[in-house]
Structures are given as C-alpha cells and as structure tokens.
Amino acid sequence: MDTRRRILDEALTLFSEKGYANVFVNDIAEKVGIKAPSLYKHYKNKQAIFDAIIDEMNHRFEQQAHDLSINGTDPTADAEVYKNMDEDHLVKLGTDLFIYYLHDSYTRRVRKMLTLEQFKDKDLAKMYSKQYFDMPLTYQGMLLGLLVSQGFLMADDVPVMTLHFYAPIYMLLTVCDRQPEREQEALGIMEKHIRQFDKLYGRNF
C-alpha cells in the first residue's frame with residue numbers, strides 16, 4: 001500500500017475509533033510512521049484527508065455496483081435492470097449489497113465515524129443524514145417511481161413506498177453494526193422483507 005493510501009486508511013481508523021474532532025494530523029502521521037511535514041506533501045490538511053476518504057468510499061461503491069451489473073446512482077439506467085429481474089435475483093442483489101455495506105472496510109468505518117460524530121458536529125450530522133437518508137431515498141424513490149409509472153409496481157404514494165423498502169434494511173444494518181453476531185438473522189429477515197415487498201406492491205413481469 002502506497003503512502004497516500006496508508007494515510008487514508010490509518011486516518012479513517014482513527015476517525016472511526018476516536019471521532020473526527022479528536023484526531024489531529026500528527027496522530028495520523030504517527031500511525032503511518034512519518035512526520036507531519038511529510039504527510040502535508042500528500043494532503044494539505046485534515047479536511048483534505050477526510051474528503052479523499054469520502055471519494056474513495058464512493059469509488060469503491062461504484063466498483064461494487066458495476067460488479068453487480070447495476071449503476072447504483074442512476075435510477076433511470078437501473079430501472080431497466082430491475083424490471084427484468086425475477087424475485088430470486090432481486091433477493092440476491094439485495095443480499096449482496098447489504099453484505100457489501102456491512103463489511104466494506106471504508107463504508108463500515110465511515111458509518112461508524114458519522115454515528116459517533118452526529119451529536120457533536122453539525123456538518124457531520126448533515127452528512128450522516130445525506131448519506132443514509134436523503135441520498136438513498138432520493139435514488140430509490142426515483143427508481144421505484146419509474147417502475148410505478150411503467151406499470152411494473154403499483155403504489156398510490158411512492159415516497160411512503162420507498163420508506164417501506166429502505167427503512168427496514170437500514171435498521172437491520174445498524175443492528176448488525178452493534179451486534180455482528182446477528183448478521184445471519186438479519187439476512188433471513190431481509191430476504192422475507194424483499195419478497196413481502198414484492199407481493200405488497202404487485203411487481204409484474
């Protein structure tokens with residue numbers, strides 16, 4: 001691992017363990033095994049390190065989405081994929097994404113950091129809401145809305161329908177964050193949730 005990546009990795013670990021505000025550039029440099037002036041050759045300040053961590057997390061998700069044959073950020077493109085999936089494929093995709101969010105080292109540690117910081121830092125609280133409420137509901141709402149408009153799902157209230165889909169999955173994710181031993185239980189519940197959602201909203205092929 002090159003120095004730039006080591007800086008990001010060690011910084012993210014420190015942020016997730018101590019909280020963003022409690023970590024200083026010298027702490028990160030010490031963990032990497034370099035002096036602070038050497039670190040500044042790679043990143044101009046702690047904010048730049050933080051921004052690079054978020055960029056890397058997003059890049060990792062884009063790669064994972066590609067590996068799963070979805071776009072992940074473009075609901076119009078993904079609507080064409082989802083409407084041709086059978087239920088078993090939908091369950092597998094949901095399971096694969098859940099496992100990714102639970103175990104990807106960047107995603108997991110960023111979520112832990114934001115969970116710690118949401119009551120201390122207003123900007124990070126907003127980022128937490130954006131990352132785990134606003135962005136997923138916007139993407140999934142547009143995706144489900146397209147499927148409703150094209151007759152593949154039936155719903156009178158797409159925003160509520162979106163909450164019905166997303167909220168239980170995020171709740172299960174947070175349970176596994178607190179109690180990793182409950183992962184298999186959560187995966188079983190999630191499969192039932194996806195199949196029940198399919199029945200409730202009448203997906204047609």
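The values are calculated or read from the model by the stated rules, or taken from the named source; none is laboratory data. Note that the structure is a prediction, hence the values are computed from the model and not measured. Neighbour counts run over all protein chains shown; Cβ positions are idealised from the backbone, glycine included.
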- Query: When only residues in the range 165-205 that are more than 22 Å from residue 115 (Cβ to Cβ) and not in a helix (DSSP H, G or I) count, which is modelled with the lowest pLDDT?
  - Reply: 205
- State whether one or more residues within the range 59-75 are assigned by TED's automatic domain parsing to the domain that holds residue 175 and basic (Lys, Arg). no
- Message: Suppose the filter is touching a helix residue (DSSP H, G or I) at 6+ places or on another chain (Cβ under 8 Å) and in the same structural domain as residue 93 (by TED's automatic domain parsing); does residue 150 pass it?
- Response: yes
- Sole residue being basic (Lys, Arg), crowded, with 16+ Cβ neighbours inside 10 Å and out of contact with any Gly (no Cβ under 9 Å at 6 or more places or on another chain), chosen from 109, 182, 195: 109
- Scan of the range 109-164 for residues that are within 23 Å of residue 178 (Cβ to Cβ), touching a residue at least 40 places away in the same chain (Cβ under 8 Å) and part of a helix (DSSP H, G or I), ordered by number: 109, 110, 111, 112, 113, 115, 116, 117, 124
- Among the helices (runs of 4 or more DSSP H) lying completely within the range 11-79, list those that include at least 2 residues that are crowded, with 17+ Cβ neighbours inside 10 Å. 25-32, 46-67
- Restrict the check to the range 148-164 and report whether at least one residue is under 16 Å from the mean Cα position of the chain (by Cα) and either modelled with pLDDT under 95 or more than 20 Å from residue 79 (Cβ to Cβ) (or both). no
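If you check 188, 141, 202, 151, which single one turns out to be touching a Ser or Thr at 6+ places or on another chain (Cβ under 6 Å) and either crowded, with 18+ Cβ neighbours inside 10 Å or not polar (S, T, N, Q) (or both)?
From the options 188, 141, 202, 151, the qualifying one is 141.
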- Conditions (1) at pLDDT below 95; (2) buried (at least 16 other Cβ atoms within 10 Å of the Cβ); (3) over 16 Å from the mean Cα position of the chain (by Cα); (4) more than 18 Å from residue 16 (Cβ to Cβ); number of the one not met by residue 117: (4)
- Item | Matching entry among 13, 3 (being of a type outside the set (Asp, Glu) and over 15 Å from residue 106 (Cβ atoms)) | 3
- Task: Mind counting the residues in the range 81-94 that are crowded, with 16+ Cβ neighbours inside 10 Å, touching a helix residue (DSSP H, G or I) at 6+ places or on another chain (Cβ under 7 Å) and part of a helix (DSSP H, G or I)?
- Result: 4
